[in-house]
1. Here are B:V90, B:V52, B:V86: which of them is under 28 Å from B:A136 (Cβ atoms) and within 14 Å of another protein chain (Cβ to nearest Cβ)?
2. So which residues in the stretch A:147-189 are out of contact with any Lys or Arg (no Cβ under 8 Å at 6 or more places or on another chain), under 17 Å from A:N238 (Cβ atoms) and part of a loop (DSSP other than H, G, I, E, B), if there are any at all?
3. Given the conditions (1) at pLDDT below 95; (2) on the phi > 0 side of the Ramachandran plot, and given that A:G134 satisfies all but one, which numbered condition is not satisfied?
4. In this structure, is A:R205 crowded, with 18+ Cβ neighbours inside 10 Å, not small (G, A, S) and not assigned by TED's automatic domain parsing to the domain that holds A:P121?
5. Report whether or not B:F211 is open to solvent by less than 50 Å² (accessible area, probe 1.4 Å), under 24 Å from the mean Cα position of the chain (by Cα) and of a type outside the set (A, V, I, L, M).
6. Is there a residue being touching a Leu at 6+ places or on another chain (Cβ under 9 Å), within 14 Å of chain B (Cβ to nearest Cβ), surrounded by fewer than 20 Cβ atoms within 10 Å (Cβ to Cβ) and in a loop (DSSP other than H, G, I, E, B) anywhere in the stretch A:128-144?
7. Just give me the residues in the stretch A:208-250 being open to solvent by less than 10 Å² (accessible area, probe 1.4 Å) and under 13 Å from A:R187 (Cα atoms), in sequence order.
Amino acid sequence: MKPKVAFFDFASCEGCQLAVLDLEEELLDLVNIVEIVNFREAISEKGEDYEIAFIEGSISSEHQIERIKKIRKQAKLLITIGACACTGNMQYLSNFFDFEEVKEYVYGDKAKYFDPVQSKPIDQIVNVDFQIPGCPIDKYEFLKVVKQVIAGGLPRIPNYPVCSECKMQGNECLLKKGILCLGPVTRAGCGAICCKNFKYCFGCRGLAPEFNIESFKDVLRSIGYKEKGIMAQFKIVNGKDIQLLQSGGK
Amino acid sequence: MHKISSEKFHKVLEQIIKDNETYGAVKKRDEYIYDRLETLSDLEIENYVPTVLPPKKYFYPQEEDLVQIDYKTKKANRVIFKKEIVLLGVRPCDINAISLFDRIMSDGNPDPNYLERRKHITVIGFDCVKSCWEHALCEAVGTINVKEGYDLFFSEYKKEYVIKTGSKKGEELFDRYIKNSHKLSEKERDDYHHERAERIKKFNHKVKYLFQDVSSIFEKHYDDPYWKEIGKICLMCGSCVMVCPTCYCFTMDEEVDLKLQTVTRKRKWDGCMLRDFAMVAGNHNFRPTAEMRLKHRWNRKFNYLLKKYHMSNCVGCGRCGFACLVKINPIDILNTIMGNYYSGVKHESEK
């Protein structure tokens, strides 16, 4: 019996689901080991008897809260995919403003017709069994997690920072060139794809389980960045964790 | 011992690159990496500074398959990746690291993957005539000269190149590629050795204390306060481990194929500076802090493995010191800890 799988999206660009569909070479083999019953980006059927749910996007309305709770009730395994669902991504920035002002900015005087809530990653609403981070996700990491789940093992993604992976690739260090790169505090698993292409890491895979933020801030100050700019860069994807850090939560 | 002219030297290298899958130090943007050589002009000879990654990646790749297991038959097959390649222009620090790897990998439980792959890799070394960068400490740890680990070795001598062979494979290469070489006269030989000894003066002399005492000092100053100091600033990013030519620690990972028929057991680079390395069941960690990890890593280089293999396990290339964003480096570690020892700074347990 092939396990039944569903994909659902909340506030997101749906790029992570497209990343899954981008597994062109592997898709036929993939549907041989799982049965996809619900996947708006790919099929018209809408089966509700799924066992594994992949969730993309963050929660930003009362309606979505109801919907994710319903999915959690049905799914034996709920796996979030992408930065929006895992860390809250940039829409989490609304948490740093007065919410009434945010609503007015977005909806003007029509705000009363909507039911928005401050943007939240999925794990702040329901229990999440596993997270596949990234903006977008790495399709091969997604595939690896699926195979691990189907084979009955515990999925594993790297717990070390991007710097390790970046060095394994033999890349030149961007921080050494004075570029604000979040590699030393960000979870690896992306193959340091940005740094490899000479773009700084903006931390889309979330903070690594272990980091030394104070020492890292000193490094950034020593190459000319100011506290405000550093924190702004951190908050782009990791607003939730930075909020936790600032309140002494981590 | 033979020598060839500089012009001949370049011709020989050109021919080696033409005939073989050859890798060497190539400039990529601002730094050097080991990469495929298409022509001799790709290779950096004069202004070499250590590459981002050492040639270790060819002997001991970042990730490799070890065993494939068939789900149905429960049969396991060993997988060994190997390829006939030539590494050109490997420097003494890296050759010393390769020779150390050869010993470590054949010691105790020999590593079949490494040893089999090693047979297919030809190492052609270049001597260093001057210090490459300020991070190097080859002079202190005694890795300016090479004894083994290479097949052919070229060293510059009065605008010409002296050739040494280090193996049977090297002798074959010599016969194949080097024709019309001149044998060094006795006088030239003495002069050559003298000049090579003299050149050491041109290297960094940044380590202030005698290196031969290092392991006993590291042992006596196991709780030196310096570990705490650098432990505070360490980012635990693992860069030092990844760029090290002598670090060989690894982790295991299994991956099942999409048809759910075979499982592949893989070996991947890991390092003692990273969280999961000393993590055991129940989320317990033997070395939870950066301080403990730094102390462990550098005791491996200068104490535990030095005593076991009778040579420094830091070959002094300086890659870690360059890669470290908070400037933790072996030169400062040696100077501070040996300095603390000689000046009588008390360590933690004595306070």
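1. On the way: B:V90 fails: within 14 Å of another protein chain (Cβ to nearest Cβ); B:V86 fails: within 14 Å of another protein chain (Cβ to nearest Cβ).
None of the other options fit; the residue is B:V52.
2. The answer is A:L180, A:C181, A:L182.
3. (1)
4. Working: crowded, with 18+ Cβ neighbours inside 10 Å: yes; not small (G, A, S): yes; not assigned by TED's automatic domain parsing to the domain that holds A:P121: yes.
Criteria met by A:R205.
5. Numbers: open to solvent by less than 50 Å² (accessible area, probe 1.4 Å): yes; under 24 Å from the mean Cα position of the chain (by Cα): yes; of a type outside the set (A, V, I, L, M): yes.
The answer is yes for B:F211.
6. Let us first name the residues in the stretch A:128-144 that are touching a Leu at 6+ places or on another chain (Cβ under 9 Å), namely A:128-130, A:136, A:139-140, A:142-143.
Narrowing the set further to residues that are within 14 Å of chain B (Cβ to nearest Cβ) leaves A:139-140, A:142-143.
Among the residues that remain, those that are also surrounded by fewer than 20 Cβ atoms within 10 Å (Cβ to Cβ) are: A:139-140, A:143.
In the following step, the residues that additionally are in a loop (DSSP other than H, G, I, E, B) were identified as none.
Among the residues of the stretch A:128-144, not one is touching a Leu at 6+ places or on another chain (Cβ under 9 Å), within 14 Å of chain B (Cβ to nearest Cβ), surrounded by fewer than 20 Cβ atoms within 10 Å (Cβ to Cβ) and in a loop (DSSP other than H, G, I, E, B), which makes the answer no.
7. Step one: list which residues in the stretch A:208-250 are open to solvent by less than 10 Å² (accessible area, probe 1.4 Å), which gives A:208, A:215-216, A:220, A:230, A:234, A:237-239, A:242.
A:A208, A:V237, A:N238, listed by residue number.
Let's see how each residue does on (1) within 11 Å of another protein chain (Cβ to nearest Cβ); (2) in contact with a Leu (Cβ under 8 Å, 6 or more places away or on another chain); (3) open to solvent by 20 Å² or more (accessible area, probe 1.4 Å); (4) not in a strand (DSSP E or B):
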| site | (1), (2), (3), (4) |
| --- | --- |
| B:L235 | yes, yes, no, yes |
| B:C240 | yes, no, yes, yes |
| B:P245 | no, no, no, yes |
| B:T251 | yes, no, yes, no |
| B:E255 | yes, no, yes, no |
| B:K259 | yes, no, yes, yes |
| B:K268 | yes, no, yes, no |
| B:C272 | no, no, no, yes |
| B:D276 | yes, no, yes, yes |
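The values are calculated or read from the model by the stated rules, or taken from the named source; none is laboratory data. In this text, all values refer to a predicted model and were calculated from it rather than measured experimentally. Positions of Cβ are backbone-derived with ideal geometry, glycine not excepted, and every protein chain shown enters the neighbour counts. For accessibility, only protein heavy atoms count, side chains too; no ligands or nucleic acids. Shrake-Rupley method; radii C 1.70, N 1.55, O 1.52, S 1.80 Å.
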